[in-house]
Amino acid sequence: MPFKKLLGRLIDSIDGARGAIVADWEGEAVDQVSRMDDFEIKIIGAHQGVILSHFRQVVKALEGNDLEEIVVVTNLAHTMILPITADYFLVFVMERNDTVLGRALFEARRCVKALRSEVLC
């Protein structure tokens with residue numbers, strides 16, 4: 001299943017979803033689906049890639065484990081960063097809605113699992 005279809009399914013499953021992007025280890029967009037400007041979601045993906053890289057280094061130094069996910073909460077949005085493999089990651093952005101955050105994480109994790117299957121094929 002192509003990335004765009006998986007990303008579309010993710011943002012369609014959550015009220016208030018703004019966009020989802022798969023990016024590589026350099027923060028370059030691989031594919032995205034969004035309800036915002038394409039340039040904006042690409043910039044968000046690139047910046048979140050920097051955050052992921054830094055957090056991965058800290059977690060490995062402190063715990064020796066791999067980072068599973070990051071959730072950034074602001075007064076307006078929830079941004080989820082989930083590694084797919086060592087080289088690819090998913091960023092999912094939604095309007096802040098604390099009542100659906102758990103569901104959004106569940107759907108994002110399910111999307112990552114499907115994306116991982118596609119990447120590793």
Test: residue in segment 58-68 that is surrounded by 14 or more Cβ atoms within 10 Å (Cβ to Cβ) and at pLDDT below 95: yes
Residues of segment 82-100 satisfying the condition of being buried (at least 16 other Cβ atoms within 10 Å of the Cβ) and out of contact with any Phe, Trp or Tyr (no Cβ under 6 Å at 6 or more places or on another chain): L82, I84, Y88, F89, L90, V91, F92, V93, M94, V100
Among the residues listed as T85, T79, the single one being assigned to a loop (DSSP other than H, G, I, E, B) and under 24 Å from K4 (Cβ atoms): T85
Qualifying positions in segment 27-58 - part of a strand (DSSP E or B), among the small types (G, A, S) and under 12 Å from L90 (Cβ atoms): A29
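Look at segment 60-93 and say how many of its residues are closer than 21 Å to M36 by Cα and among the small types (G, A, S). Lay out the reasoning, then the answer.
Of segment 60-93, the ones closer than 21 Å to M36 by Cα are 71-82, 89-93.
Next cut, among the small types (G, A, S) only: 77.
Going through segment 60-93 one residue at a time, the tally reaches 1.
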Matching residues in segment 94-121 - criterion: being of a type in the set (K, R) and more than 20 Å from M36 (Cβ to Cβ): R103, R109, R110, K113, R116
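Identify, from the list G8, G16, the residue that is farther than 24 Å from S117 by Cβ, at pLDDT 95 or above and either of a type in the set (G, A, S) or surrounded by fewer than 16 Cβ atoms within 10 Å (Cβ to Cβ) (or both). Working first, answer last.
On the way: G8 fails: farther than 24 Å from S117 by Cβ.
Every option except G16 fails the conditions.
The values are calculated or read from the model by the stated rules, or taken from the named source; none is laboratory data. Because the structure is predicted, anything quoted here is derived from the model rather than measured. Glycine also receives a Cβ, built like all others from the backbone with ideal geometry; neighbour counts cover every protein chain displayed.
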